[in-house]
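Step one of this worksheet: look at the structure below.
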Amino acid sequence: MKFILHEIKLWFKDKKATSKSYYFLPNKINVITGDSNTGKSSFLNIIDYCLLSDQVKIAMPIIKAVDWFGINFTINNENVFIARRSANNGISSIDVFFGKNSFPEIPYKNSDRQEIQNSLNAAFNITQELKDILNISYRDFLLFNSLTENIIASQELYFDTIYFEQEYPRMDYITKLKTIFNFITGITTLENIKTEKESNEIQEYIKKFEDKKRRNNNNNIKYKNDLIEILDECKKYKLLDESLNFETVDEIIEAIESIIPDINIIDNNNVLKKIDKLNSSKKILQDQLFIIKRYKKELNNYRNNLIKSADSLQPIDFLYDNLSDQIIYPLETQEFLEYLKVSLLDIKEKTNSNNFIPNNIINEITSIQEEIKLIDNEIIQENKKNKNIPLEKNYNCFILGNIKGKLNNIKQFYTRKYVNVKEETLADKKKKNIELLDVLKKISTNKEEKINKLNMSIQFYYSLYNSIPVYKNYVTKFIVEEMSLKLYPSNDMFPIGNLGSKSNFMFMHLYFYLGLHTYLLDNEFSYLPQFLFIDQPSIPYYEGNDDNLKLSHAFNLLNKFIDIVINEKNTDFQIFMVEHAPKENWENTLIHFHTVDEFLNGVALIPQQLIKND
């Protein structure tokens with residue numbers, strides 16, 4: 001799908017400052033090079049922000065200086081202008097300009113995000129069916145166009161999900177990534193996905209049916225076994241002939257119910273239940289009576305102890321009354337004798353009281369005893385009713401009552417369950433699933449063919465230059481299950497575990513991304529836009545590991561890719577690259593390179609005088 005970025009434009013908050021534009025050419029490696037901390041890597045963040053990212057990844061000094069960010073691009077020959085107001089306090093703005101002709105002198109809000117997203121989804125050929133089945137938008141494809149600083153020298157990571165996955169905080173983004181990758185590469189199609197979904201649904205249906213059928217069978221077996229236990233109990237008490245055997249649950253229930261005389265059992269059971277209830281009430285009253293009587297006994301013991309204490313204090317009373325005028329006691333002794341005399345009088349008063357045992361306790365005891373007597377009389381009357389039934393019949397009724405109770409419990413808690421699906425319907429489902437699995441098997445064969453073509457495309461770029469000489473003549477294979485490119489010795493099934501250096505990792509990423517997009521250009525239709533953002537291939541050579549030969553291999557690789565696109569594929573492609581290396585590495589030697597700007601000697605994305613230092 002053709003996509004050409006023409007311009008990135010910045011409108012500054014300082015109204016005296018002139019807006020700044022950066023222009024990009026089609027079919028070129030458009031390079032912005034220069035010193036560190038000049039805003040080079042912010043170009044991807046600006047593009048992402050204008051393509052309506054929820055996240056704000058643009059550096060704060062740039063946000064403080066810029067009022068609006070804008071991008072102008074062509075998608076499938078239709079010109080698009082999008083400008084978005086700068087973020088406020090880290091929150092992305094909802095103010096968006098959307099046009100088809102040009103940028104206004106000063107941007108203004110003329111649309112909303114949803115309207116623009118719908119328009120871009122249509123431009124990216126994302127139908128409602130695609131959104132419903134794959135749950136995707138145009139932003140999901142950007143992951144395959146971005147070779148960022150975070151991953152370009154990584155051993156395992158080939159897609160910057162950290163940069164993009166914040167759009168999906170509540171889902172398994174890696175699983176979705178694999179689905180989208182298979183879709184854009186043609187490994188699977190929308191029809192294939194629908195077939196797989198239908199097969200999964202049918203398999204889930206069959207599984208649920210089988211699980212329910214198994215649970216029902218277990219329930220029914222338990223139901224029958226419990227009924228057989230009651231049947232055996234009937235045989236044990238000679239209520240049924242021991243030779244009787246029954247096949248079905250209904251036959252067992254009918255046999256048991258045939259020996260239960262409903263009226264006698266009900267009457268007898270009612271009598272027994274009433275007697276049990278009366279005995280329970282009597283037991284409660286007896287417990288209450290026991291507690292009250294024990295309390296009364298404790299009161300009597302306390303009174304007797306007081307009387308004994310009074311007897312022991314009688315000599316003190318005599319001394320105090322008869323000898324106090326003849327004996328002179330110290331003051332402390334006199335006070336002590338006075339205390340004993342008062343205590344003695346208190347004890348005599350209490351023990352002589354007729355109300356030492358409270359009347360309410362005596363009344364309560366009498367009331368409970370009368371209640372117990374009434375209950376005893378009622379129990380006698382109920383027992384007389386029970387005795388009117390002959391002894392043998394009473395015994396049988398007791399047994400039959402227990403049997404009927406067990407039978408009722410089983411019928412209440414165990415009901416025969418049936419699976420409400422006709423066997424013919426299930427057979428049709430299984431037949432349909434076999435047909436779908438056959439289709440999926442053919443899809444699997446097609447998947448291998450597609451992967452082989454993709455690997456051939458990647459291998460082509462691997463073999464162009466001897467950039468990883470220690471692994472010359474090795475074979476590249478992209479492993480979809482791991483979403484990672486591996487390097488294999490020739491005729492060996494095991495990949496190299498560690499390629500050894502960041503330079504090697506960087507080249508592996510270039511091989512994959514160039515191979516992927518070349519493979520996609522051979523398809524009649526691709527959902528992936530034909531551009532690639534590359535963030536500093538020279539990263540592995542920063543820290544004293546300068547290797548001009550290898551870096552020249554990387555730049556020549558990109559130049560060769562554009563040459564193939566233009567002259568062999570007869571189509572368009574655009575690469576945006578930010579670099580640390582000087583332009584002398586490509587200028588006047590690599591014809592498909594175009595230097596957009598150099599950020600050197602104080603030149604930067606934002607003019608120094610517009611940077612606000614808080």
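The values are calculated or read from the model by the stated rules, or taken from the named source; none is laboratory data. Since the structure is predicted, the reported quantities are computational estimates derived from the model, not experimental observations. Cβ: placed from backbone, ideal geometry, glycine included. Neighbour counts: every protein chain shown. Remember, those area values only see protein heavy atoms, side chains included, never the ligands or the DNA or RNA. Shrake-Rupley method; radii C 1.70, N 1.55, O 1.52, S 1.80 Å.
Within the bounds of the range 115-122, is there any residue that is aliphatic (A, V, I, L, M), under 29 Å from residue 610 (Cβ atoms), loosely packed, with under 14 Cβ neighbours inside 10 Å and at pLDDT 90 or above?
Of all residues in the range 115-122, those aliphatic (A, V, I, L, M) come to 116, 120, 122.
Filter again for under 29 Å from residue 610 (Cβ atoms), leaving 116.
Filter once more, so that each one left must be loosely packed, with under 14 Cβ neighbours inside 10 Å: none.
No, because not a single residue in the range 115-122 is aliphatic (A, V, I, L, M), under 29 Å from residue 610 (Cβ atoms), loosely packed, with under 14 Cβ neighbours inside 10 Å and at pLDDT 90 or above.
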Note: among 446, 433, 408, 455, just one is assigned to a helix (DSSP H, G or I), touching a strand residue (DSSP E or B) at 6+ places or on another chain (Cβ under 6 Å) and modelled with pLDDT of 70 or more, namely 455
Exercise for the section: Might you check whether a residue that is farther than 30 Å from residue 568 by Cα and either open to solvent by 40 Å² or more (accessible area, probe 1.4 Å) or modelled with pLDDT under 95 (or both) occurs anywhere in the range 69-79? Expected result: no
Across the range 80-91, the tally of residues that are part of a strand (DSSP E or B) and open to solvent by less than 70 Å² (accessible area, probe 1.4 Å) stands at 5
Residue 481 fails exactly one of (1) surrounded by 11 or more Cβ atoms within 10 Å (Cβ to Cβ); (2) part of a loop (DSSP other than H, G, I, E, B); (3) under 33 Å from the mean Cα position of the chain (by Cα), namely (1)
Picked from the range 1-22 (must be open to solvent by less than 70 Å² (accessible area, probe 1.4 Å) and of a type in the set (Val, Ile, Thr)), the residue farthest from residue 40 (Cα to Cα) is 4
Matching residues in the range 33-68 (open to solvent by 30 Å² or more (accessible area, probe 1.4 Å), of a type in the set (A, V, I, L, M, F, W, C) and touching a strand residue (DSSP E or B) at 6+ places or on another chain (Cβ under 8 Å)) number 1
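Somewhere in the range 577-584, is a residue touching a helix residue (DSSP H, G or I) at 6+ places or on another chain (Cβ under 7 Å), of a type outside the set (S, T, N, Q), open to solvent by 40 Å² or more (accessible area, probe 1.4 Å) and over 27 Å from residue 65 (Cα atoms)?
Initially, the range 577-584 is screened for residues touching a helix residue (DSSP H, G or I) at 6+ places or on another chain (Cβ under 7 Å), giving 578, 581.
Filter once more, so that each one left must be of a type outside the set (S, T, N, Q): 578, 581.
After this cut, where a residue has to be open to solvent by 40 Å² or more (accessible area, probe 1.4 Å) as well, the list is none.
No: zero hits.
Of everything in the range 124-135, what is in a helix (DSSP H, G or I), touching a Phe, Trp or Tyr at 6+ places or on another chain (Cβ under 9 Å) and surrounded by fewer than 17 Cβ atoms within 10 Å (Cβ to Cβ)? Give them in sequence order.
Narrowing the range 124-135 to residues in a helix (DSSP H, G or I): 128-134.
Of the ones still in play, those that are also touching a Phe, Trp or Tyr at 6+ places or on another chain (Cβ under 9 Å) are 130, 134.
Across the range 124-135, the qualifying residue is only 134.
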Note on residue 595: of the conditions (1) in contact with a helix residue (DSSP H, G or I) (Cβ under 7 Å, 6 or more places away or on another chain); (2) within 20 Å of residue 151 (Cβ to Cβ); (3) part of a strand (DSSP E or B), unmet is (2)
Here the residues within the range 1-28 that are over 43 Å from the mean Cα position of the chain (by Cα) and of a type in the set (A, V, I, L, M) are 17, 25
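If we scan the range 146-161, do we find a residue that is assigned to a helix (DSSP H, G or I) and in contact (Cβ under 8 Å) with a residue 24 or more places away in the chain? I'd like the intermediate steps shown before the answer.
If we filter the range 146-161 for residues that are assigned to a helix (DSSP H, G or I), which is where we start, we get 161.
Checking which are in contact (Cβ under 8 Å) with a residue 24 or more places away in the chain leaves us with none.
Scanning the range 146-161, I find no residue that is assigned to a helix (DSSP H, G or I) and in contact (Cβ under 8 Å) with a residue 24 or more places away in the chain, so the answer is no.
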Can you find a residue in the range 92-111 that is polar (S, T, N, Q), surrounded by fewer than 12 Cβ atoms within 10 Å (Cβ to Cβ) and under 26 Å from residue 576 (Cα atoms)? yes
Reported set for the range 539-571 where residues are over 17 Å from residue 515 (Cβ atoms), modelled with pLDDT of 90 or more and hydrophobic (A, V, I, L, M, F, W, C) is 555, 566
### Message
Can you find a residue that is open to solvent by 10 Å² or more (accessible area, probe 1.4 Å) and free of Cβ contacts under 8 Å to residues at least 24 places away in the same chain anywhere in the range 549-565?
### Response
yes
When restricted to 177, 231, 143, the only residue under 30 Å from the mean Cα position of the chain (by Cα) and either surrounded by fewer than 17 Cβ atoms within 10 Å (Cβ to Cβ) or without any contact (Cβ under 8 Å) to a residue 40 or more places away in the chain (or both) is 143
Note: among 98, 73, 81, 24, just one is under 25 Å from residue 611 (Cβ atoms) and aromatic (Phe, Trp, Tyr), namely 24
Conditions (1) modelled with pLDDT under 75; (2) at positive phi; (3) not aromatic (Phe, Trp, Tyr) -> residue 473 fails only (1)
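Please enumerate the residues belonging to the range 544-576 that are acidic (Asp, Glu) and assigned to a helix (DSSP H, G or I).
Taking the range 544-576 first, the residues acidic (Asp, Glu) are 546-547, 563, 568, 572.
Within the range 544-576, 563 is the sole residue that qualifies.
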Residue 538 meets each of (1) under 18 Å from residue 461 (Cα atoms); (2) of a type in the set (Ser, Thr, Tyr); (3) open to solvent by less than 10 Å² (accessible area, probe 1.4 Å) with one exception, condition (1)
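Within the range 28-39, can you find the residues that are in contact with a Leu (Cβ under 7 Å, 6 or more places away or on another chain) and part of a loop (DSSP other than H, G, I, E, B)?
35, 38, 39
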With respect to residue 499, is the statement that it is closer than 24 Å to residue 25 by Cβ, in a loop (DSSP other than H, G, I, E, B) and among the hydrophobic types (A, V, I, L, M, F, W, C) true? no
Reported set for the range 411-430 where residues are at pLDDT below 75, within 33 Å of the chain's Cα centre (by Cα) and open to solvent by 80 Å² or more (accessible area, probe 1.4 Å) is 420
